[in-house]
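The numbers here are math on the coordinates, done by the rules we state, and not lab data. Predicted, not measured: the structure shown is a model, and the values here were computed from it. Neighbour counts are summed over all protein chains in view; Cβ atoms, including those assigned to glycine, are modelled from backbone coordinates with ideal geometry.
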Amino acid sequence: MYNDKNKQKIVDIIKNAARKHSLWVLAYGTGCGAIEVPATMTSRYDAERLGVRGAATPRQADVLLITGYLTVKTLKRVIRVYEQMQDPKYVIGFGSCTINGGMYFDSYNTINQLDLYLPVDVYISGCMPRPEAVLEGFGKLQELIGKGIANGAQQYKENLDFYRENQKKVIKNWDFQDYNW
Amino acid sequence: MDIINIILVIFFAGALITAFAAKISSIVQDILFIGTILATSIIFFLNINTNTETIINLSHINLTLGLTPLSLYFAFIVFGLAVLAGFYAVGQMQGKKKKGYFYFNYLLSIAAMFGILVSKDLVSFFIFWEIMTWSSYLLVIYNGENVQKTGIKYFVLSAIGAYSMLMAIVIIHSLTGSFLISDLISGFNNMSANMQILIPVLLLTGFGVKAALMPLHIWAPDAYSNAPMSYTAIFSGALSKMGIYGMVIVFLTLITKLPQETLIRDIIAWLGAITAAISTLWAIKQDDAKRLLAYSSIGQLGYIVVGVAIGTPLAMLAGLFLAFMHGVFKSTLFMVVGAIEKQTGTSNLKEVTGLIRKMPWTFIAALISIIALAGIPPLGGFVGKWMLYESLITSNHYLLVTLVFFSSTAAFLYCYKFLFGFFLGQEEKEWSHVKEAPAIMVVPMLILSLISVVLGSFPQLILKPINSALSYYSLPDTYNNLWKESMIFNKWGDQVALTPIVYGVAIVFIVFAVFLFFKNRKTSRYVTTKDISTSGEVPKEHENLTFKENFFQPFLRAVEPAMKRQMDKYMLAFAKGLEDLFDFTRRIYNGNGQTYAIYAIIFVIILLLLSNNLFS
Amino acid sequence: MNILGAVTTFLLAFAVGMTYGGLRRKIVARVQNRYGPPFYQNFIDAFKLYSKSTAIHHGAMHFLGPAFIMVSSVVSLMFIPVLTNNQWFPNLNFQGDLIFLIYIMVFGPLGMALGAGQTGNPNSAIGVTRGLSQMVGFEIPWVMALIALMVQYKTTSITGLLDIQVQSGHWFMFENPFAFSAAILASLGMFRYSPFDIVGAPTELASGPMSENGGKFLFVMMSSGSVFAFVKLTLIVDLFMGGASNLIILVIKTFLLYMIPVTYGIVSPRYRTEQSITYFWGWPLFFGLIAIIYAVFF
Amino acid sequence: METLLEKIKDRVNANFDLKDYKIYTDLKRVDLFFNKEHIPSVLLYLKEQMGFRHLMHMSVVDWIEEGEFEIIFFLWAPKEKVKIFVKTRIDRDNPVMENMDNIWPQLNTYEREFKEMYGIEFPGLVAPEEFILESWSGPPPMRRDFETDKYAKDNFATRPGREDAQDVRETIAKRSGEDIPDFAKKYSR
């Protein structure tokens, strides 16, 4: 799964160079973290200068930005959205809720660890992470893409049954069709 | 015995035999029906001869029959559509009741149209005109639903037309002493001035009814949508062209001799343009595909009337070309609606969705015809539209061309409504069982849409006979100065060369289609229309993701003032006023349609009074 | 026509349109007191979209819709003279005239409509109906402006109108200012920037007709949009501003022209749909009428 | 104000048998305690006759020690600007409360919530689908005897090393060899 820069072909290097500078973000504003995204996009910390801009629908998006805790109900939607996105696609876990549940670590309905259910490329810790931290996270993602090692989607495809098992363990009413890429 | 009589005899005999062949078997009936049409059209196309005249001698009236180049051109439309729609009708009438009734009236109206085209004197013209009206009337009330509403409207307005035409004929005979059209044309100069006004106005009233001109169009939507679709293809494609045919003759022969020529021309042209605009807006409002197409054909006839009324050579070319094109694509669309109605049982745009994968061939026919209707290059509709606009611009009708352009741009809206409503959009479970229509119905559609594709790049096929028809009525020869092989010019010498356009469009389209399609064919797979970005929600079966209600509502809100008043309501109000005025008639006549009938008679009387008081 | 010239014209139009789009993003950012993306951001986005995988499709029209749009842009590009001396890019300039151009330019929205229709997304259908309604709105003053020019100079061919300007040295924007203002106001609607961005209304329709199109579909739509912007600008330059004898002048003129919808869009919010239809039947229609009257009587 | 609240209490008392009441003059509020079976008639009376047209809120308190649920309706009279808290107790083991969303339609929402969160049965409650907890298996989570920590540990895997979501400051303090000040100690677990 891991392929470093000298394993990449030339065309991959060019493509990754383009991808890292145009990240279309689908911000899934589930938690309180959604309030930090406008601050990141607008005039004070202008994320568009890094090529980061919002996307309207999953079909057009590259990055799935999961801001904050995920209840079981929202996790289902997030998984569907992620599987509707087209390759190459990346996931950014945003805030400590996605890392270990954060302040909801013992809640009866929120998952604690996002990377059991979706392949997370970059975690941004903090509660809440300030826009500087968010930009730092985007910079990290760009660096990984440039190296060609931000291949969470590939990882998701390769051990899909692992992820499916975890997802189905949490989501009892599993009623949507299988992945489409 | 002459060829024309043979054709007519075959028609009438075939009609009678087909009507009574139901006793034997239904298949025999179909075979007889097809056989009659095929035999007549083959005989016609095999020995076309424009300089023979046959005289049928009634007691002391001679019916003179013969072909002119113009009637030959219209006969092409009639026979071509008759054959194709005939095959389609056999497919569509499978398992329907009253087949004999349908076939009889169908053949009778075809025969009547042919008779109109070949009649060189007014008596036979009138006789055939009435036969055509009655046969089509019987088919309008074919399914027996709300006959009162639709049939009476059609009957009364046809009666208006017939009365005024009869009056015109009587006046002409009293003035010239002959029924021959040629005598009318020759003797028209030495008539009195008010007769010179009256006769064309009466004739145009008669023709305007069939051509669904603005004040006389109220019958068309109901009639078109109530007749069986296989006949509506003829009705809108060919029968309405009879009105155009008469108008062309009147404009070419009578109006040109008048001092008030430009005034009458402008009035009729503006009537046509207003007809086009208003009926386009109404077509956008409709939810039933039949009514949508009915209003749209009124609009298209409006363009044709504009072209014919302006009457410059280019405008005549445009009008006649559009007449042919309208016959082609509009009958295709009516056939499409008929096929969909046969397969799904309804023609309501709100109910049927997502048939594109179920009925692909029908979709292809519908798409091509819609593109032709919208007048988008490189299909045939564009040629007619181009010539119409150029003729209007070069003959200084600037506001008229703007109005026509508005209506033809607004036409995109109902075009898209038609396509989206039937074929695109969500694929619902309700229609998952639908199959493609039988081949006998699909093939005529595809043939017709192929014609409109071919005419887009080779318009000379049609422009040549139009040219000969026009030169027969002593218009200047348009070859080489208005069109040349596949190039069309306007008066100022600006040109459109159609062949390179077709090549260019084809090349670019193929390149990008290949770029998109054949690169992704293997990697990508089809997903259902439920699998769309619904912000993560998984749509359930009962969830409605179809957008059908209030299609184009913002646009209709924007144009609401134009659609407030309806000619239909005015006529009803006028009839109501007559009811109150002549109170005693309420004992004799009662019911809505009858008051229409009074209105008809009163209308004609008023015309008479006007003619005697104002002009003399 | 020679294929090489056609391809050159296409590439030129693509590059110029993309660059203008990037500059627009930069300008909007600066107005909003942001730093903004680099001016070549659109090229990066386009290449990224091209390199994305297209895993799913919704059927045949979903593939053919973008191709229809591209046909409209490229063919209309082939028919307008890019430079005044037609030896340079004489693709199909003499084969068609303005009426034809008006019609081939509305081919794109119909293709977009078909492509968006098959995806079955209700947002797409709503966006399409809005777009077609708005098209009916702005086509009227646009056509009136063109008719004014045609009747004033007794020709309907673009090259003819261009040559008249070149020989007389007078630009039609001064000869018939009403027609120019009507055309400019109509072009505001053609560019579909705010306040007329009701079609792909972001945050309201989820980018409307292209909401189901990612990857190559979106790439083709984006590039055809850029080419189409170039076509519109060059057409107005040819008709009203005396064309351009070389590329520098062309770029200057088109950029100045392009700034009108951009600046108007920055300072104004979005209209409701029927507002953005009836907008064009107010002053623009009036200017069009005045233009025709002026052309006929003066 | 005192008199107004008293009057309200007396008027209610005259019509229904009031178990207990409490008057907060400064809060302009009366608490009325009833038996469960009187609640619908009381609410209807208060709404129709005494002008408490606005239902502000409905709430449930889990008195696990008494083995009872307390159900509270918060009413508000717009004219007199007076609150009434109508309180009742129901049995905790088979919690059944009457469905009253025909008095205030918005009660439907509250009742659906309490049905899921406390397992209180509302006979005849129209609930089209799950309200908050999709496909919930397990005890109602808002009861006090529901160990949310254990449930979370069973169902949602926690990240190794962070099982007890311990205070990060202690780790940091240990790592950098400094100690946490006293005012901070009492916040740390």
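Sort C:193, C:20 so the one with the fewest other Cβ atoms within 10 Å of its own Cβ comes first.
Numbers: C:193 18, C:20 22.
Going from sparsest to densest Cβ surroundings: C:193, C:20.
Apply 1/(1 + (r/R0)^6) to the Cβ-Cβ distance of residue C:3 and residue B:499, taking R0 = 22 Å, and write down the FRET efficiency to the nearest 0.05.
Working: r = 17 Å, r/R0 = 0.76.
Rounded to the nearest 0.05, the efficiency is 0.85.
Per residue of D:146-155, what is the mean number of Cβ atoms on other protein chains within 10 angstrom of that residue's Cβ? Before the final figure, lay out each step's value.
On the way: counts 1, 2, 4, 4, 2, 4, 10, 3, 0, 7.
Mean shielding by partner chains, rounded to a whole number: 4.
With n ≥ 4 as the cut-off for DSSP H runs, can you work out [θ] at 222 nm for chain A, using -39500 (n - 2.57) per run divided by the number of residues, rounded to the nearest 500? Each step should come with its number before you reach the end.
Details: 7 runs with 70 residues, N = 181.
Roughly -11500 deg cm²/dmol at 222 nm, from the helical runs in chain A.
Rounding to the nearest 10 and keeping the result within 0 to 90°, find how far the Cα-based axis of helix B:380-394 lies from the longest principal axis of chain B.
Relative to chain B, helix B:380-394 is tipped by roughly 50 degrees.
Tilt of helix B:26-46 relative to the longest C-alpha principal axis of chain B, in degrees (0 to 90, nearest 10)?
Computed tilt is about 60 degrees.
Rounded to the nearest 0.05, what FRET efficiency do residue D:26 and residue D:74 give with R0 = 25 Å and r taken as the Cβ-Cβ distance? Could you check? If you can, show how the numbers build up before the last one.
Working: r = 17 Å, r/R0 = 0.69.
So the FRET efficiency works out to roughly 0.90.
Tell me the label-point distance for the pair residue B:28, residue A:32, using the 7 Å Cα-to-Cβ offset, in nm and rounded to one decimal.
9.0
So which of D:150/D:174; B:342/B:435; A:20/B:522; B:99/B:153; A:20/A:157 end up more than 18 Å apart by C-alpha? Mind dumping the intermediate values first?
Details: D:150/D:174 28 Å; B:342/B:435 10 Å; A:20/B:522 27 Å; B:99/B:153 25 Å; A:20/A:157 21 Å.
In this structure, D:150/D:174; A:20/B:522; B:99/B:153; A:20/A:157 exceed 18 Å between Cα atoms.
Using a 7 Å offset from the Cα along the Cα-to-Cβ direction at both residue C:167 and residue B:9, what is the distance between the two label points in nm, to one decimal?
Distance between label points: 6.7 nm.
Could you check the spin-label model distance between residue B:440 and residue A:132? Points 7 Å from the Cα along Cα→Cβ, value in nm.
So the label points at residue B:440 and residue A:132 sit 8.3 nm apart.
Only counting other Cβ atoms within 10 Å, I'd like A:73, B:210, D:115, B:149 sorted with the fewest neighbours first.
On the way: A:73 16, B:210 27, D:115 20, B:149 12.
Fewest-to-most Cβ neighbours within 10 Å comes out as B:149, A:73, D:115, B:210.
Under 8 Å for C-alpha pairs, at least 6 residues apart: give me the relative contact order for the range A:5-170, rounded to a whole percent. Numbers along the way, then the final one.
Details: 289 pairs, mean separation 39.1, N = 166.
Value for the range A:5-170: 24 percent.
Helix-only mean residue ellipticity at 222 nm, chain B, DSSP H runs n ≥ 4 weighted -39,500 (n - 2.57), per residue, nearest 500. What is it?
On the way: 25 runs with 413 residues, N = 616.
Rounded to the nearest 500, it is -22500 deg cm²/dmol.
Calculate, in nm to one decimal, what residue B:581 and residue B:510 gain on full extension: separation in residues at 0.36 nm each, minus their alpha carbon distance.
On the way: separation 71, 0.36 × 71 = 25.56 nm, distance 6.79 nm.
Computed gain between residue B:581 and residue B:510 is 18.8 nm.
Per the helix-only calculation at 222 nm, which mean residue ellipticity applies to chain C, given -39500 (n - 2.57) for every DSSP H run of n ≥ 4 and division by its residues, nearest 500 deg cm²/dmol? Before the final figure, lay out each step's value.
Numbers: 13 runs with 209 residues, N = 298.
It comes out at -23500 deg cm²/dmol, rounded to the nearest 500.
What average count of beta carbons from other chains do you get within 10 Å of the Cβ of residues in C:212-219? Mind showing how you got there, number by number?
Numbers: counts 10, 3, 12, 7, 6, 4, 4, 2.
Average neighbour count from other chains, rounded to a whole number: 6.
What is the mean number of Cβ atoms from other protein chains located within 10 Å of the Cβ atom of each residue in peptide C:32-44, rounded to a whole number?
On the way: counts 4, 4, 9, 5, 4, 10, 3, 0, 1, 6, 1, 2, 7.
For peptide C:32-44, the averaged partner shielding equals 4.
What percent of all Cα-Cα pairs in the protein assembly as shown falls in each 20 Å bin, counting up from 0?
9, 31, 30, 20, 9, 1, 0
How much net charge surrounds residue B:395 when only the other residues with a Cβ under 15 Å from the Cβ of residue B:395 are counted, with Lys and Arg +1 and Asp and Glu -1? Write down the numbers at each step before the final one.
Numbers: positive: B:265, B:491, C:154; negative: B:261, B:266, B:390, B:494.
Local net charge: -1.
Compute the angle between helix B:261-285 and the longest alpha-carbon principal axis of chain B, please, reported from 0 to 90 degrees and rounded to the nearest 10.
30
Using DSSP to define loop residues, name the trypsin sites (Lys or Arg not before Pro) in the range C:181-290 whose beta-carbon has at most 10 other beta-carbon atoms within 10 Å.
Working: sites: C:192, C:216, C:232, C:253, C:270, C:272; in loops: C:192, C:270, C:272.
For trypsin sites (Lys or Arg not before Pro) across the range C:181-290 that sit outside H, G, I, E and B with at most 10 neighbouring Cβ atoms in 10 Å, the list is empty.
Given Cβ point charges of +1 (Lys, Arg) and -1 (Asp, Glu) and nothing else, what value in debye, to the nearest 20, does the dipole of the protein assembly as shown about its Cα centre take?
Numbers: 109 positive and 98 negative charges, 324 e Å.
Around 1560 debye, computed over the protein assembly as shown.
How do B:607, A:70, C:247 line up, fewest other C-beta atoms within 10 Å first? Could you put the intermediate results ahead of the total?
Values: B:607 18, A:70 29, C:247 13.
Taking fewest neighbouring Cβ atoms as first place, the list is C:247, B:607, A:70.
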